[in-house]
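Data first, discussion second: the structure below is written as C-alpha cells.
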Amino acid sequence: MSMDTPLITVVIPAHNEEGYIGDCLAAVRKAARRLPPRSVQVIVVADKCTDRTAAIAHANGAQVIACAASCIAAVRNIGAAHALGRILVTIDADSRMTEGALAEVVAMLRTRRYIGGGAVPQFDRMSLGIGVTSMVIAAHLLPTMLREGAALSGAMFWTYKSCFDAIGGFDEHLCSMEDMDFAVRLKRLGDRYGRRYGILREARCITSSRKFDRFGDWYLLKNYGQMRAIFTGTDRAAADAFYYDVR
C-alpha cells in the first residue's frame, strides 16, 4: 500500500492493539480501493507494544514505526513526520473508517473550501449508559465547540500535511484532550485562509466501545471527578488510569 509519492498518508497510533489493528487496516484497504492504485501510504506507530500489533500491521502491508512515547499526541506526530502524502489522515487503531471515507476526504479538500476536519464517531455498540455518558461529554465540550466553531471527532482527523505542519501537529504537552485542541487550532488556521473545518457528511468512524466494556457503561458518570480531571488535558495520572495503564 506504500509508494514513493502517495496522495494520502494514513497514520494509526497503536498501543497493544492486536485485537483491533487488523480490522482497522482492513477498513483502510477497503477505503483505498475508491482511489487510484498506490494512492495510500499506511503508517502504524507502535507505541510500547508488547503484543502482536507490529507483526499484524506488517502482515497487512503497513509501514511500522516503533516508539516509546506513552503520549498519543507524540505518537501521532511521529507518524506524521514520516508521511509522504500531501493529505494526512489519522485514525485510532481501535476504530474503522467506512468505505467511502478516503474518497470523501479527497473530494472535500479538492473543493478548496475546507482546511480539514473530522468524521462523525459512532460506537460499535450502544446502551443507555454509553448514550448518557456521551451526552454529558458533549455538554462539557459544547462551550468550546460553540466558541471556536470546531466539532470534536477525536478518533479521526484529516487535513493537508502542510496544514498539519503549520499548526505544529498535536500538542505533546497534553496527555488528554489533544484532539479538541487540534481541532480548534486547525479551525483557526482555516479562518485565516477563508476555509472551513468540515465533518465528513457520508462516511463515519466506527469506534470501539472497549473502554465501556472494560470499566462499565456508567463508569465515567460514577467517577465524575476522574472525568473532570481527564478534561483538564494535563492530569497524567487520570489519563493513564483510563488509557495506558488498563492494558
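Quick notes
- Subset of segment 213-225 [hydrophobic (A, V, I, L, M, F, W, C) and either in contact with a Phe, Trp or Tyr (Cβ under 7 Å, 6 or more places away or on another chain) or at pLDDT 90 or above (or both)]: Trp218
- One residue from Gly116, Gly85 being assigned to a loop (DSSP other than H, G, I, E, B), in contact (Cβ under 8 Å) with a residue 24 or more places away in the chain and surrounded by 16 or more Cβ atoms within 10 Å (Cβ to Cβ): Gly85
- Check on Ile43, buried (at least 17 other Cβ atoms within 10 Å of the Cβ), over 14 Å from Lys161 (Cβ atoms) and at pLDDT 95 or above: no
- Cβ-Cβ distances below 6 Å connect the following pairs, each with a first residue in segment 223-243 that is touching a residue at least 24 places away in the same chain (Cβ under 8 Å) and over 15 Å from Met180 (Cα atoms), a second residue that is polar (S, T, N, Q) and in a helix (DSSP H, G or I), and a separation of six or more residues or different chains: Ala238/Gln226.
- Residues of segment 119-136 classified as free of Cβ contacts under 8 Å to residues at least 12 places away in the same chain and surrounded by 14 or more Cβ atoms within 10 Å (Cβ to Cβ), total: 1
- If you go through segment 49-73 and keep only what is touching a strand residue (DSSP E or B) at 6+ places or on another chain (Cβ under 9 Å), within 15 Å of His15 (Cβ to Cβ) and surrounded by fewer than 14 Cβ atoms within 10 Å (Cβ to Cβ), you end up with Ala66, Ala68.
- Arg76 fulfils the conditions (1) charged (D, E, K, R); (2) buried (at least 17 other Cβ atoms within 10 Å of the Cβ); (3) in a loop (DSSP other than H, G, I, E, B) except for a single criterion, (3).
- Test result for Ala83, touching a Ser or Thr at 6+ places or on another chain (Cβ under 9 Å), closer than 23 Å to Asp181 by Cβ and hydrophobic (A, V, I, L, M, F, W, C): yes
- Filtered residue count, segment 107-122, keeping only those that are closer than 18 Å to Ser162 by Cβ and over 17 Å from the mean Cα position of the chain (by Cα): 7
The values are calculated or read from the model by the stated rules, or taken from the named source; none is laboratory data. Since the structure is predicted, the reported quantities are computational estimates derived from the model, not experimental observations. Cβ: placed from backbone, ideal geometry, glycine included. Neighbour counts: every protein chain shown.
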